[in-house]
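In what follows, a structure is listed as structure tokens, so that the remarks can point back to it.
The values are calculated or read from the model by the stated rules, or taken from the named source; none is laboratory data. Owing to the predicted nature of the structure, the values given are computational and were not obtained by experimental measurement. So basically every Cβ, Gly included, is an ideal-geometry build from the backbone, and we count neighbours across all protein chains shown. These area figures cover heavy atoms from the full protein model, side chains too; ligands, DNA and RNA do not enter into them. Shrake-Rupley method; radii C 1.70, N 1.55, O 1.52, S 1.80 Å.
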Amino acid sequence: MPTRHDRCRRPATWSAFPLLLCCVFATSAGANPPSENTSPSAPAATPPAVAAPADAREPDLESCIAAFLAARGWLDAGETPPPSDPSTALPLPGTRGVAVILRHRGRFVGSGDDWPVGAGDDRMLRRAFARALARAVGDTVIAALPRDLRDSTLKELSLEIDFAGRPEPLVGRTFAECATRIEPGLDGIAMRRGGGNAARWAAVFPASMAASNLSAAPERGFLGLLGDLELPLKDLPDLVRSDPVGVFRFPSLRLAQTTPTEMPFIRGRGVQRYSDADVTPAAIERFAASTLSRLALSVAAAIPQAVTKELGGGGERGVEGLGLFGNYEPVPDQFTPLIAPPLEQALAAWAAASVSTCERFNPELRERAHRFAVDLLVDLALRTSAEESPSATTPPMAFALCAVSALGDPEKLPAPVREFASLAREKLGVQFKSGNVGDRALATMASAMALVGDGRVAGTTETRAALDALWTAATPPELVGHLPWLALAEVAYAKNTGQPVANGERALQILDVLLPAQAGFGRYPSDDDLRGGFRLTGAGRNSVNSQSLRPGLGLAVIASQPGYLPPERQADLVRRVRSLVRFAMELAVDERESLFFRNPPRCQGGVRVALWDSTMPVAANAMAILVATEAVEALTSPAPSQADAPDAPAPHAGDDRATTDPDDKNRQPPSEEGRKHY
């Protein structure tokens with residue numbers, strides 16, 4: 001029997017979709033003004049609505065496409081047909097409710113929804129459309145236009161319609177408990193007050209939550225529904241004492257377009273854009289280049305001079321020392337914080353430097369990345385009065401030194417970068433000996449990468465001893481979060497000393513904690529669009545997101561080094577790295593998806609927090625680039641032979657070892673250390 005998520009994915013492959021090419025627009029003449037009948041409580045001057053068949057459980061794709069094209073015709077006409085117009089009677093089998101969203105060149109301008117009492121009917125789309133169009137006409141920008149321009153602007157609006165399937169009750173004692181049963185991006189939420197013909201319904205659709213970037217916070221949706229139903233702001237235990245209230249979730253089918261003339265396509269969670277087979281070296285290079293370009297667009301070179309002075313900037317550019325903007329939020333088109341903290345600036349510089357040294361990438365990209373890395377390091381070194389000190393904590397110093405080591409001869413770097421690198425080496429030398437496990441791991445990684453040349457954190461023998469001690473400094477679950485730094489240190493040490501990589505057995509123990517949590521492999525069933533990510537916070541919602549990239553970097557580093565593990569395990573890791581990169585590519589916003597936001601150039605190529613959260617953290621984008629540079633090596637390196645294998649335990653059998661391993665139930669999940677962000 002297919003799962004609920006299978007049912008949500010199924011529309012993407014329904015054979016009815018080619019009907020897009022043969023459907024025609026339904027238009028109407030003599031329509032009433034768009035504000036007519038826009039109140040949910042207004043009397044409906046329409047013939048009796050016809051309910052959809054009671055046995056239909058999911059929206060019928062063919063009917064939804066026809067309805068979409070009819071609504072597109074109304075939008076092109078710039079008005080809603082009158083309620084009595086027979087063309088507004090659009091049967092929608094399996095559809096319980098409808099939400100309409102209108103955008104102007106990516107900017108949200110209006111929405112409307114309709115959830116009839118009892119069952120969906122054939123005029124609910126007209127009612128939802130009328131509300132959305134009335135709000136679009138009242139949009140501040142559109143309302144200020146002259147009448148002729150306003151009419152032409154309405155025809156330029158793009159359309160998205162969310163068709164709700166049949167709701168199913170949510171089991172939970174509190175709203176917070178109910179929220180844990182919502183799959184973000186897949187489920188809408190509905191609330192019913194009262195029963196029978198006197199029942200009142202309100203719903204929040206997946207498309208509406210995505211448009212406001214609230215898919216990751218369904219508990220906020222519940223609060224909004226309480227207001228819609230005029231219920232007091234109480235939790236479920238207190239609420240049900242005074243009112244008969246029901247809470248539900250529902251699947252939906254989202255049809256959308258990015259331009260007024262584009263045919264509709266299925267949008268949202270469950271529609272996989274990439275498969276493992278799409279992850280080729282050329283695709284990885286394009287992915288790294290696109291994400292790097294988006295970071296380059298986030299350099300604080302466009303801050304007004306007045307703001308620059310407030311932030312303490314100076315120099316000819318007016319923004320000297322500010323570096324990158326902070327995390328980008330596409331919905332409001334803003335950065336939070338305005339300027340990225342030193343850790344993220346340094347991580348981005350290291351990511352750019354890693355592209356510049358990746359021999360699998362083309363020379364033009366590498367040169368561009370080299371210049372970008374140097375610019376970021378200069379800005380990091382030239383701290384303004386309003387910025388945090390990059391030498392106050394270990395991570396920015398370690399990441400900056402990794403970037404400096406990757407860029408080659410330090411004497412060719414600008415003086416501010418050389419001076420900052422010297423200070424970082426001095427301070428990391430202290431953390432190298434007495435810091436906590438996390439600080440020592442980062443300092444040791446920086447030390448291993450800087451073993452060649454005069455600018456060392458510590459000597460060869462001291463670095464080797466520190467690295468060996470770190471592998472046993474904590475339990476495997478506690479070391480999951482440090483795996484990338486330890487693996488990178490081992491590889492750098494081997495490269496710079498000519499010795500083989502070590503501690504393969506300990507790396508296997510950590511991988512045996514991490515790999516069972518990879519979506520699409522083993523005990524965790526997964527939608528195709530999540531395959532390759534890691535469930536680091538349990539099996540519930542929000543658990544597979546960009547946090548997967550940090551331990552994934554460790555996985556990619558190990559997979560890129562023939563001889564690190566036994567050949568059988570190495571081959572398995574390469575397959576998993578391919579899936580990990582597939583997931584990272586899924587997180588990135590492509591050209592078409594960027595058109596759903598206000599500022600498409602700022603979005604395109606950006607790696608999101610999750611498939612249901614459009615926020616683009618600087619750290620996640622930098623980490624994705626680091627994963628890409630290691631993954632392309634893993635996918636192009638020759639397969640290891642038995643002669644390369646270290647003395648390590650025999651591998652588990654098959655990809656499904658997480659399901660069949662009898663010790664699996666006794667394994668600990670990754671610890672909180674393993675769940676931390678960068």
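Each of the peptides 409-416, 131-138 was scored by the mean count of other Cβ atoms within 10 Å over its residues; in descending order, highest first, they stand as 131-138, 409-416. What FRET efficiency comes out for E411 versus T497 if R0 is 25 angstrom and r is the Cβ-Cβ distance? Round to the nearest 0.05. That pair, E411 with T497, gives E of 0.65. Residues of the stretch 169-200 with an amide N closer than 13 Å to a point placed 7 Å from the Cα of R220 along the Cα-to-Cβ direction: none.
Sorted from greatest to least, the principal axis extents spanned by the alpha carbons of the stretch 454-532 come out as 50, 24, 20 Å.
Rounded to the nearest 0.05, what FRET efficiency is calculated for T259 and N197 with R0 set to 45 Å and r the Cβ-Cβ distance? Once the sixth-power term is evaluated, E becomes 0.60.
When the Cα positions of I161, L236, G188 are compared along the charge dipole of the stretch 123-238, I161 comes out farthest toward the positive end, with charges on each C-beta of Lys, Arg, Asp and Glu. Applying 1/(1 + (r/R0)^6) with R0 = 41 Å to the Cβ-Cβ distance of L145 and T357 gives a FRET efficiency near 0.20. For the stretch 444-547, the carbon plus sulfur part of the accessible surface works out to 49%, probe radius 1.4 Å. Near the amide H of Q334, within less than 5 Å, lie the amide hydrogens of E329, all on another chain or at least 5 residues away, with H placed in the peptide plane. For the stretch 76-131, the carbon plus sulfur part of the accessible surface works out to 53%, probe radius 1.4 Å.
Counting Lys +1, Arg +1, Asp -1, Glu -1, what net charge surrounds F596 among other residues with beta carbon under 9 Å of its beta carbon? Taking every Cβ under 9 Å from that of F596, the sum is +1.
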